[in-house]
Structures are given as C-alpha cells and as structure tokens.
Amino acid sequence: MKKLLSLLLVMALLVTAFAACAKADEPAATGDKEVVKENKGTDIGIVLPTKEEPRWVQDEARFNEAIDATDYSVEVLFSQGDSAKEKQNVDTLIAKGIKVLIITPQDGAAAAAAVKSAKAEGITIISYDRLVTDTDAVDYYVTFNSVSVGEAQGQYLVDQLDGATGQNLYLYAGAATDNNAFLFFEGAWNKLQPLIADGTFVVMNSSKAVEYMDKAVLTRVEMGDIIEQITTDWTPGVAKSKAESHITAAPPTGKTFVLAPNDGTARAIYDQFAKEDGIEILITGQDAEIQSIQYVIDGKQSMTVLKDVRDLVKGAIGTAIDVLEGKTVETNGEYDNGVIKVPAKDTKVITVTQDNVKAAIIDSGYYEASEFTGVE
Ligand code: GAL
C-alpha cells in the first residue's frame with residue numbers, strides 16, 4: 001500500500017513538471033512578454049511563400065547554406081500560399097524572440113498586418129524578393145531588379161522579329177497579389193508597347209492590352225486591368241487552362257511570340273502551344289528552374305532569366321547581420337510601397353538562352369552539369 005502511494009506521488013510530480021515545461025513553449029497568448037522571452041533563441045526569422053514552387057525551395061536551400069556560415073540562429077518557415085498561415089508564422093517567430101524578420105509575402109498588401117505586429121515588437125523588417133506594400137513597417141527591401149526582368153523578357157521577343165510585322169503575341173502575367181507581377185509586366189511593356197502600337201506585334205489574348213496599346217506608361221489600374229485578363233496566379237495549372245482557351249479563341253499561326261512570366265508557367269503554356277501544328281514558338285521565362293534549363297537546352301523554352309539566389313540570400317543575411325551588429329546597412333536604391341520609399345538592395349539579372357546556358361548555369365556553379373542532358 002505504502003509503495004503504491006509513493007509511486008502515485010512520484011507520478012503526480014512528474015506530470016506537473018512536464019505540464020510546466022509544455023506551457024513555457026507556447027506563444028505568448030496572454031501578452032505576458034517577459035515569461036515567454038526567457039525561452040527564445042532565434043535571432044533571424046525567415047518566412048517564404050510556399051514549398052509548392054521550385055523557386056522558394058531553391059531559396060530555402062541557399063539560406064541554409066548561408067546560415068551554416070553564421071553564428072546566429074535562424075529559422076525558415078513556409079506560408080503554403082496562405083496569408084493567415086503567414087501571419088501565424090510571423091507570430092510564432094516573434095514569440096521565439098527574433099530581432100530581424102526576412103519575409104517574402106504571399107500577398108504584398110495582406111502581409112502588412114503581420115509585419116506591423118513584428119515592428120511593434122521592435123523587430124527589423126526586411127522584405128525579400130517581393131515587396132510588402134501599404135505599410136510603413138518595412139525597413140529594407142532586398143530584391144532582384146524586377147523591371148529589368150520584364151525588360152529582358154520583352155527585349156528577347158523583340159530580338160527574334162527579324163524585321164517581320166503583324167506577328168502573333170500572347171501575353172501572360174504573374175499573380176495580381178504580387179507587387180513583382182506589376183514590375184515584370186511594366187518592364188516587358190516598356191519593350192513591347194511601341195511594337196504593339198505600330199502593328200509589328202498583334203496581341204491575341206487581351207482586349208485591355210489592345211485598348212491601351214498607344215500608352216507607353218500605364219497606370220497601376222490600367223496594368224491591373226490587363227493583368228486580370230492574363231494572370232497565371234503563378235500556378236502552372238491556371239497557365240495551362242488560360243493558354244488552352246486563348247488558343248481556341250485565337251489560334252496561333254506561323255511564328256508565335258509568348259510572354260510567359262516565370263518558368264513554371266512557361267513550361268505549362270509551352271506544352272499547350274506545342275500541340276498546335278505548323279507554328280514556331282518563342283516563349284520567355286524566369287528563375288532558371290532546373291526543368292526549364294532542360295527545356296532551354298532542348299530548344300523548347302526559348303529563354304529564362306537567371307536571378308542568382310545566392311546573391312539575394314547573401315544580401316538578405318548580410319543586411320540582417322548588419323542590423324544585429326548595429327552597423328549601417330548599405331543600399332543602392334528605393335521602392336515606393338504605396339506608403340513609404342523603402343531603402344533597397346537591388347541585384348542584377350542575366351538572360352539565359354541556348355547560346356550561354358553552359359556558361360551562365362554550369363560554369364558559374366549554379367547547377368551541376370549532371371542535372372541535365374545535352375549540355376555541350
Ligand atoms: C515572384 C518571384 C519570381 C517567381 C514568382 C512565383 O515574386 O520574383 O521569381 O518565381 O514570384 O513565385
């Protein structure tokens with residue numbers, strides 16, 4: 001009997017101790033900041049949009065490489081394409097005591113609430129690749145020059161004209177919730193608009209683009225009107241069904257020019273157009289995804305834009321460490337997010353075609369040659 005009682009006593013003590021530990025790890029629901037902070041160890045929190053797209057899985061890998069080389073503790077969380085999950089991720093990282101938040105918003109405007117709550121905790125906010133808009137709670141923006149991405153795509157198509165006129169042009173864009181989609185389209189329009197206006201290119205799939213074809217500079221609203229008609233939501237499935245309906249409505253003939261916003265959507269759109277007989281497809285891309293590099297090598301996708309994620313990660317982690325060590329952050333530009341001009345680190349991009357794919361992708365060490373077939 002005595003033995004049983006002491007055993008029960010020991011077990012009761014163990015259960016209480018265990019419950020106390022579990023409670024200590026929960027995020028601060030009660031706002032009892034002091035208690036929670038004692039358990040933190042994360043210096044830098046990183047929030048990426050989704051694991052469903054190769055682009056962000058690439059960034060995670062490059063961040064992990066960079067993180068190993070620092071003394072700081074860093075945690076990477078994914079938002080699975082959902083702004084509510086994104087907010088939850090930010091709250092989790094705040095509770096872990098981060099001093100710097102590096103965030104790529106799923107939806108630029110919807111992310112404002114999440115960064116505001118982090119800012120209120122004295123955390124420094126770095127917008128990564130995509131800009132958080134409609135708030136003054138952003139300290140720095142580390143990005144590739146997205147307008148020059150669009151210009152590289154537009155210029156590539158212009159360079160394939162060889163003096164021809166009345167050429168079919170199909171336009172596609174990114175997600176309207178992504179501020180980059182507007183910057184990419186602005187860049188492409190800078191190069192394509194003069195040739196749409198003079199009839200060299202004939203837009204086959206956007207009545208709004210035709211309506212605005214004489215306007216060299218579009219307002220945000222006008223660009224939104226066009227993007228609404230041609231958006232892929234950055235989703236290959238959406239890109240595929242849009243291309244299908246556009247090909248049915250306005251079948252391509254001869255040399256066919258396609259502005260595709262990134263690699264994932266470019267392959268989906270290419271595969272639809274490739275079902276049409278007797279046409280030559282010239283199609284753009286972005287991100288230098290492994291599958292698209294193979295498409296470029298095989299002469300399917302015509303080009304992609306290499307955004308060397310190693311550089312962007314270096315820029316973001318470098319900025320975070322400067323902040324943690326109280327150093328001045330060097331910037332080389334600024335972006336208007338609708339409320340403030342955010343100081344920015346702008347990184348250059350490289351056009352990749354069959355001609356320079358080996359040099360730009362293999363010799364640069366971006367990917368191993370073993371990932372591909374047919375690399376000369
Ligand atoms: C953009 C990003 C691109 C592209 C896209 C889809 O914001 O800059 O590289 O991949 O999102 O996630």
Exercise for the section: Note down the nm distance, to one decimal, between modelled labels 7 Å out along Cα→Cβ at Lys275 and at Thr70. Expected result: 4.7 nm
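Pop out the carbon and sulfur fraction of the accessible area of the chain as a percent, whole number, probe 1.4 Å.
Numbers: 9220 of 16890 Å².
Of the solvent-accessible surface of the chain, carbon and sulfur hold 55 percent.
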Completion exercise
For the pair Asp82 and Leu161, the simple spin-label estimate (label points 7 Å beyond Cα toward Cβ) gives in nm 4.7 nm
Fill in the blank from the handout: Expressed in angstrom and rounded, the centroid-to-centroid distance over alpha carbons for the stretch 71-135 and the stretch 256-272 is 31 Å
Completion exercise
Simple SL model, points at 7 angstrom along Cα→Cβ for Lys358 and Thr373; separation in nm is 1.9 nm
Handout entry: Residue-level accessible surface for Glu186, protein heavy atoms, 1.4 Å, Å²
Key = 70 Å²
Fill in the blank from the handout: Measuring from the longest principal axis of the C-alpha atoms of the chain, the long axis of helix 309-324 (C-alpha) lies at a number of degrees, nearest 10, equal to 40 degrees
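Based on the Cβ-Cβ distance from Lys51 to Thr219, what FRET efficiency comes out when R0 is 25 Å, to the nearest 0.05?
Working: r = 35 Å, r/R0 = 1.40.
With R0 = 25 Å, the Cβ-Cβ based efficiency is 0.10.
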Handout entry: the chain pair-distance distribution - Cα-Cα, 20 Å bins, rounded %
Key = 27, 49, 18, 5, 1
Practice task
Check the straight Cα-Cα distances from Lys240 and name the lysines below 19 Å, setting aside those fewer than 8 residues away within the same chain.
Solution key: Lys275, Lys300
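Taking N as the number of residues in the stretch 146-285, what is its alpha-carbon radius of gyration divided by 2.2 N^0.38 Å?
On the way: Rg = 13.4 Å, N = 140, 2.2 N^0.38 = 14.4 Å.
Normalised by 2.2 N^0.38 Å, the Cα Rg of the stretch 146-285 equals 0.93.
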Handout entry: Of Ala84, Asn145, Gln291, farthest towards positive along the dipole that unit charges on Lys, Arg, Asp, Glu beta carbons give the chain
Key = Ala84
Fill in the blank from the handout: Check: C-alpha center the stretch 164-191 vs C-alpha center the stretch 300-376, spacing in Å is 21 Å
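So what is the accessible area of the chain per residue, in Å², with the probe set to 1.4 Å? Working shown, then result.
Numbers: 16890 Å² over 376 residues.
Using a 1.4 Å probe on heavy atoms only, each residue of the chain averages 45 Å².
The values are calculated or read from the model by the stated rules, or taken from the named source; none is laboratory data. All figures in this text were calculated on a predicted structure; none of them were measured in a lab. Reconstructed Cβ throughout: ideal geometry from the backbone, glycine too, with neighbour counts over all protein chains shown. Just so you know, the surface numbers come from the protein's heavy atoms only, side chains and all, with ligands and any DNA or RNA stripped out. Shrake-Rupley method; radii C 1.70, N 1.55, O 1.52, S 1.80 Å.
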